[in-house]
Amino acid sequence: MSSERGPSEGRAGERAGRRGLMLVISSPSGAGKTSLSRRLVADHAELSLSISCTTRAPRPGEQEGREYYFVPRERFDALIAEDAFLEWAEVHEHRYGSPRAPVMQALAAGRDVLFDIDWQGGMQIAEQAAADVVRVFILPPSMPDLRRRLYARAQDASDVIERRLARSKGEIKRWQAYDYVIVNDDFDRAYADLAHIYHAERLRRARNPWLQPFVDGLLAEDA
């Protein structure tokens with residue numbers, strides 16, 4: 001006796017049995033990681049953004065709980081002592097950290113989490129959970145273009161921008177630690193590349209344990 005299984009049942013099995021992944025996106029300031037990250041999250045309901053805590057002040061237009069959780073350094077230090085961060089680092093004289101609990105809950109429920117973080121945080125996450133992590137590094141097309149972007153976005157004073165530029169080559173040197181590298185010379189093309197990477201990593205056999213019983217069921221069926 002043959003049985004029929006529609007594609008929707010396979011998808012239900014995927015949702016029920018798949019473990020989520022952590023997509024880490026890093027770049028020097030101004031290379032476009034935040035714009036790419038926000039669009040990827042907006043286009044994929046199964047992907048959420050890890051909202052970091054930071055000790056820096058909000059920039060114009062930033063909102064508490066949307067871009068960051070803005071906390072005083074004393075509170076940040078207390079969270080470090082409580083082991084409440086999956087990763088944390090000091091970048092441009094300010095501290096940034098990814099809260100651990102919501103990320104672990106999302107992964108266990110089969111949901112994916114995107115991290116818009118620097119290379120230090122990416123390295124810490126990879127050390128703790130290598131099997132769950134995919135790392136993508138975004139490169140600018142040129143250093144003059146990186147300078148232009150930083151000044152064009154008008155979010156920081158010129159001395160802050162110059163410090164970011166001074167650090168950028170040291171950050172770029174970390175590119176070889178990443179699984180994928182995208183040169184952001186055209187936003188739409190860079191976004192398409194990032195989306196392809198994400199889709200392919202979701203389909204990795206090791207991340208989809210529901211496939212084994214699904215295939216066993218297929219093999220047990222009559223044609």
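The values are calculated or read from the model by the stated rules, or taken from the named source; none is laboratory data. Please read these numbers as outputs of a predicted model, since none were measured by experiment. Counting neighbours? That spans all protein chains shown, and the Cβs are built from the backbone with ideal geometry, glycine included.
Quick rundown of the values:
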quantity	calculated
Among (1) in contact with a Ser or Thr (Cβ under 9 Å, 6 or more places away or on another chain); (2) surrounded by 13 or more Cβ atoms within 10 Å (Cβ to Cβ); (3) at pLDDT 95 or above, the one test that Arg167 misses	(3)
Counted residues, segment 166-175 - those being under 22 Å from Glu67 (Cβ atoms) and either free of Cβ contacts under 8 Å to residues at least 12 places away in the same chain or out of contact with any Phe, Trp or Tyr (no Cβ under 8 Å at 6 or more places or on another chain) (or both)	2
All positions within segment 31-46 that are closer than 14 Å to His196 by Cα and not small (Gly, Ala, Ser)	Leu36, Arg39, Leu40, Val41, Asp43, His44
Within segment 142-164, tally of residues that are among the aliphatic types (A, V, I, L, M) and either closer than 21 Å to Trp119 by Cβ or surrounded by 15 or more Cβ atoms within 10 Å (Cβ to Cβ) (or both)	5
Hits in segment 103-120 - residues which are touching a residue at least 40 places away in the same chain (Cβ under 8 Å) and exposed (fewer than 15 other Cβ atoms within 10 Å of the Cβ)	Ala108, Ala109
Tally of residues being surrounded by 12 or more Cβ atoms within 10 Å (Cβ to Cβ) and in contact (Cβ under 8 Å) with a residue 60 or more places away in the chain across segment 60-86	0
Flag if Arg205 is over 20 Å from Arg38 (Cα atoms), surrounded by 14 or more Cβ atoms within 10 Å (Cβ to Cβ), of a type in the set (D, E, K, R) and within 24 Å of the chain's Cα centre (by Cα)	no
